[in-house]
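What follows is a short report on a single structure.
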Amino acid sequence: MGQERMVDELIGKDIGGYEVLRLIGQGGMARVYLARQQSMNRQVALKVLPRQFLDDETYLQRFNREVRIVSQLEHRNILPVHGYGEFEGQPYIVMRYMPSGSLDDLLRDGPMSLEACADLLSQIAPALDYAHSKDVLHRDLKPSNILRDETGGYYLTDFGIAKLGNSGGGNTITTQGVVGTPSYMSPEQAQGKPIDGRSDIYALGVMLFEMTTGRRPFEAETPYGVAVKQVTLPPPKPRNLNPQIPPAVEAVILRALDKDPARRYPSATALCEAFIQAMQPQAQPTISATPAPMPASEHVPTISTPSSAVYQQPYAAPYLAPSTPVPPYAYPSSVALPPTPRAQERPNPWNGVLFGGAVGCFFLLIAALAALIAATLVLSTEGGAPEPDDSSAPETLPNVGIAARATATTTLIPAPTLLLASVTPSPTRAAWPASLSDVSGKIVYHAVGPGGGNDIWLYDLDAGSARRLTDGPRDNMYPVPSPDGRWIAFQSNRDGDFEIFVMDTDGGDLRQLTNNNFTDRVPQWTPDSQAIIYSADAKRDGLHDLYRVSLSGGEPELVYSSEERKTHARFSPDGRHIVFTTSREPNNWRTWEIGRLDLETGEFVYLTQNETRDASPVYSQDGSTILHLSLRNGSNGVALMNADGSKQRMLYNTRADEWAASYSPDERFIVFTSGDSNNYQLWLMTADGRDAIQLTLNGGSYGWWLP
């Protein structure tokens, strides 16, 4: 009666400007209400800590911890927090309302098709990797913590028992034993051992097992029994439960569920990519399948990405985690089994709460026996995940491959691994859409090189190969060719801060044009190829004024300064105007707009002024239109508008982030960057956005055609 009275007390109340409408869910530590945000007349989810937990320090820590963690995680597939407050002593969190329920609801109808599994993985895997890159372990990844929206989007939520790595210092919750849900716990988590991101990979593997078979790999009468099985028994073969699962897909699932963390996939995106590749009729060994050695500690090691790249990725949301992106390919159809009853986990205080003391004592007694049983069972199990094959992986070249994507239907077209810088054209080019069949030329871009930092690369469309023009070890980024086709300007971090450099298109005749102790970034050529305009934080206020420096060297001169952020400047073909990204709030990428400066009159005007982000403008050759980035439907897309800012329209927008678009010399094609925050790839499409082809497999950003 007390709980019902509490519910009745909240429904109908105004809590910080949110009218509570009804109870829509409850878990072990919170109740979730549907509420109406009165100021914006929109529905939100209100997560409230019940009164009976207000005196429990553990629950208060978890509740407040979720706010701190999620407020730091800005990813389109992590459920955002709109606000936080307290009402009559009860803390609450305001979140986006997800009316379509959770993955748990979806699984009640039985196994999912392979296409549906791949769609979910392609969204949740980058979000999980991003959290890991921020030193956050989820520790309670399960279907009820994956929410859905009306458009098919999936969102990772509930970081109430997430753990920060060693860098978190005093943020650790003080508890005894183990936290999590036994059915999705990794063996090391169930035993209370130190864990890292691969523990969440195991939980993702459990979910994938459940999504493809309709049941969890381990079930028992008690959570204690489930935890014991997680440690001592190998998982059943998925094909024994669903014969429609391809053997290659089964191997991927079993590898994700390996008892040894070192044998699992090194990242969620690697698992996702392996799953998608295993779905193909003739599955090939997946890229990045070799597990990287990871220390056995609570700290989640961040995969090597230069710290400067986080700051220097201007088009994307403010994060950069490594891995291979998974574009929304069209997948081969699979035959779904008839819906089967799904074993429901009983409401139990074990779920998501502490039970480590008993489990820990048990494992002290059976550790040796468990190891012997596990080893025996594994040896007696047939098959398993295939051993990765990197024998053909080049040491000095990125994999350059082809994959097609269209707005409605898409096809994955495997391409051979490149062994040399110069090869014959890929035979898969014949499978490109007819609209792209005659594309040619060379594209300069940046991608991570063998030394771990970004280098400048040159992609030859006719040969189907790429070669590296710079040789780290520090970052070389944002290359752009001169209009006369003789030079490439770029920014390079060779002395602790970025400076502007130029080189010829073969990587020779290197010249350093700026030399100071502040950041110079994102160069662009004047129409006559004799000078470069760039952004510099000379005043160290984050606003990045526009400067100009001559190709022949000399002292840079100030072009434009204001109280707004200025970057990604581009000249109009006649040299009269400069368009650039600008914002009154330099650290808030959501406020980015496109502005235009008249160099003859000094007049500045906004070409965009709206509630979304617009950035990175590029003029067409006749100066009549501007290609640019625009945020729509939760992700960046390629957009077009007239030179005066009128008739703004989207050309290409998917769930991935598209950015850094530029025209081919004949303006029939557009090269752009697409993927997500974990990694980006170069894509090519027709100028009207009808068809798209993926050009790179191992990373590629900021492509520009050589004239």
Using a Förster distance of 56 angstrom, determine the FRET efficiency expected from the C-beta separation of Asp471 and Lys13, and round it to 0.05.
0.30
Can you pull out the trypsin sites (Lys or Arg not before Pro) in region 507-606 that DSSP calls coil and that have at most 10 other Cβ atoms within 10 Å?
Arg540
Projected label distance in nm at Leu21 and Gln244, using a 7 Å step from Cα toward the beta-carbon
3.6
Built amide H within the under 5 Å cut-off of Gly101, gap 5+:
Arg148
Figure the gain on full extension for Gln530 and Thr591 (residue separation times 0.36 nm, minus the Cα-Cα span) and round it to one decimal in nm.
18.7 nm
Checking the a/c ratio against 1.5 first, then a/b against b/c, what shape does the Cα gyration tensor give for region 450-509?
oblate
How are the Cα pair distances of region 562-653 distributed, in percent, across 10 Å bins from 0?
18, 53, 26, 2
Modelling each spin label as a point 7 Å along the Cα-to-Cβ direction, I'd like the Asp462/Gln621 distance in nm, to one decimal.
1.7
Residues of type aspartates and glutamates that Lys442 reaches as a straight line, Cα spacing below 16 Å, ignoring anything fewer than 8 places off in the same chain
Asp460, Asp462, Asp484, Asp504, Asp506, Asp666, Glu667
Taking Cα pairs under 8 Å and at least six residues apart, what relative contact order does region 2-96 come out at, in percent?
21
Need the list of lysines near Lys566 for cross-linking: C-alpha distance under 18 angstrom, and skip anything on the same chain fewer than eight residues off.
Lys539
Name the long-range amide H neighbours of Tyr652: under 5 Å, sequence gap of 5 or more, or other chain; modelled H, no Pro or chain starts.
Val638
Given Cβ point charges of +1 (Lys, Arg) and -1 (Asp, Glu) and nothing else, what value in debye, to the nearest 20, does the dipole of region 2-96 about its Cα centre take?
440
Contour minus Cα-Cα distance for Arg108 and Met40 (0.36 nm per residue)
21.0 nm
Chain lengthening between Asp509 and Asn633 when straightened (0.36 nm per residue, less Cα-Cα):
40.2 nm
Applying the gyration tensor rule to the Cα atoms of region 2-96 (axes a ≥ b ≥ c; rounded if a/c under 1.5, else prolate if a/b exceeds b/c, else oblate), the class is oblate
Name the long-range amide H neighbours of Asp691: under 5 Å, sequence gap of 5 or more, or other chain; modelled H, no Pro or chain starts.
Thr686
Apply 1/(1 + (r/R0)^6) to the Cβ-Cβ distance of Val559 and Gln52, taking R0 = 56 Å, and write down the FRET efficiency to the nearest 0.05.
0.35
Nearby aspartates and glutamates by direct alpha-carbon distance to Lys237 (threshold 13 angstrom, same-chain neighbours under 8 apart not counted):
Glu210, Glu250, Asp258, Glu382
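Return the subset of Lys134/Lys229; Lys47/Lys193; Lys193/Lys229 for which the Cα-Cα distance in this structure is over 20 Å, preserving the input order.
Those over the limit are Lys134/Lys229; Lys47/Lys193.
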Spin-label point model (7 Å from Cα, Cβ direction): what's the Glu86 to Arg690 distance in nm?
6.1
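Since every read-out is calculated from the coordinates, none of them should be taken as a lab result. The structure displayed is predicted, hence computed values, not measured ones. Cβ coordinates were reconstructed from backbone atoms using ideal geometry, including for glycine residues, and neighbour counts include every protein chain displayed.
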